[in-house]
Amino acid sequence: MAVKKFVVGSFDDEAVLFPAVKKVRSAGYKIHDVYTPFPVHGLDHAMGLRETSLHTAGFIYGITGTTTALSFMSWVFTTDWPMNIGGKPHFPLPAFIPITFELTVLFAAVGMVMTFMYLCQLAPFVKKHVFHPRQSDDLFVMVIELTEKTRAEEVKAYLDSVGAKEINEQEVEAGWWLGRFDREDKLFSQRTTPVNA
């Protein structure tokens, strides 16, 4: 994984963060992510994130569970081991409904959790860089990725003008890797230069 450069700005109020995200985005800077201690309504739209497709994935997983249940039970009772149980037909659809429902829910639930964990890169032993130790405690942290067209000093000055309380520059691994949080990070170098104290 390549090391990327970021400018990190910290805000102490969502009323300052929300317009700052809109201004930073309209100025053309690339927002890597925004970390907040609680959900901020409308922040995803302000960041320009598209609508999630998780509900579509859930529907596909549910249909897969329905198809699996009906296909397997109909194959067992009509082809593999047809049995005459009290004169019932070999394809008693009403009797299949409970198992079909349970497999639909099981496939949808497990599939959506696994998809969510993959998209958010969450799993046991998967480690991601923490840009600020208080990013999920009491600070709102905006991370801007530096590209070839942006200069760090220019981004820092712009974050200062939109109300950031603490600004620094970091060089880190942008992705995720296997590791533990209780050990010192040696896979990346981090350079922090405070702008305003």
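For the stretch 36-55, indicate whether the set of residues that are in contact with a strand residue (DSSP E or B) (Cβ under 7 Å, 6 or more places away or on another chain), in the same structural domain as LYS156 (by TED's automatic domain parsing) and either outside any helix (DSSP H, G or I) or farther than 30 Å from TYR158 by Cβ (or both) is non-empty.
yes
Scan the stretch 140-154 and tell me whether some residue there is hydrophobic (A, V, I, L, M, F, W, C), in contact with a strand residue (DSSP E or B) (Cβ under 8 Å, 6 or more places away or on another chain), assigned to a helix (DSSP H, G or I) and outside the structural domain of ALA69 (by TED's automatic domain parsing).
Within the stretch 140-154, one or more residues are hydrophobic (A, V, I, L, M, F, W, C), in contact with a strand residue (DSSP E or B) (Cβ under 8 Å, 6 or more places away or on another chain), assigned to a helix (DSSP H, G or I) and outside the structural domain of ALA69 (by TED's automatic domain parsing).
Can you work out which of the residues in the stretch 1-35 that are of a type in the set (A, V, I, L, M) and assigned to a strand (DSSP E or B) is surrounded by the most Cβ atoms within 10 Å (Cβ to Cβ)?
In this case the residue turns out to be VAL7.
Out of GLU51, GLU145, GLU154, I need the residue that is of a type in the set (Asp, Glu) and farther than 25 Å from ASP13 by Cα. Which one?
None of the other options fit; the residue is GLU51.
Scan the stretch 95-104 and tell me whether some residue there is part of a loop (DSSP other than H, G, I, E, B) and free of Cβ contacts under 8 Å to residues at least 12 places away in the same chain.
Within the stretch 95-104 (the criterion being part of a loop (DSSP other than H, G, I, E, B) and free of Cβ contacts under 8 Å to residues at least 12 places away in the same chain), the answer is no, since none of the residues qualifies.
Out of the residues in the stretch 70-118 meeting the condition of being more than 15 Å from ALA57 (Cβ to Cβ) and among the hydroxyl-bearing types (Ser, Thr, Tyr), tell me which one is surrounded by the most Cβ atoms within 10 Å (Cβ to Cβ).
Filtering the stretch 70-118 for residues that are more than 15 Å from ALA57 (Cβ to Cβ) and among the hydroxyl-bearing types (Ser, Thr, Tyr), the one surrounded by the most Cβ atoms within 10 Å (Cβ to Cβ) comes out as THR100.
Which pairs do you get when a residue that is at positive phi, found in the stretch 119-143, comes within reach of a residue that is loosely packed, with under 13 Cβ neighbours inside 10 Å and among the basic types (Lys, Arg), reach meaning Cβ atoms under 6 angstrom, with the pair 6+ apart or on two chains?
Close Cβ pairs (under 6 Å, with a partner that is loosely packed, with under 13 Cβ neighbours inside 10 Å and among the basic types (Lys, Arg)) do not exist here.
Hey, could you check the stretch 136-149 for residues that are out of contact with any helix residue (DSSP H, G or I) (no Cβ under 7 Å at 6 or more places or on another chain) and buried (at least 18 other Cβ atoms within 10 Å of the Cβ) and say which is farthest from MET47 (Cα to Cα)?
This residue is LEU139.
The values are calculated or read from the model by the stated rules, or taken from the named source; none is laboratory data. In this text, all values refer to a predicted model and were calculated from it rather than measured experimentally. Positions of Cβ are generated from backbone atoms using ideal geometry, with glycine treated the same way; all protein chains shown enter the neighbour counts.
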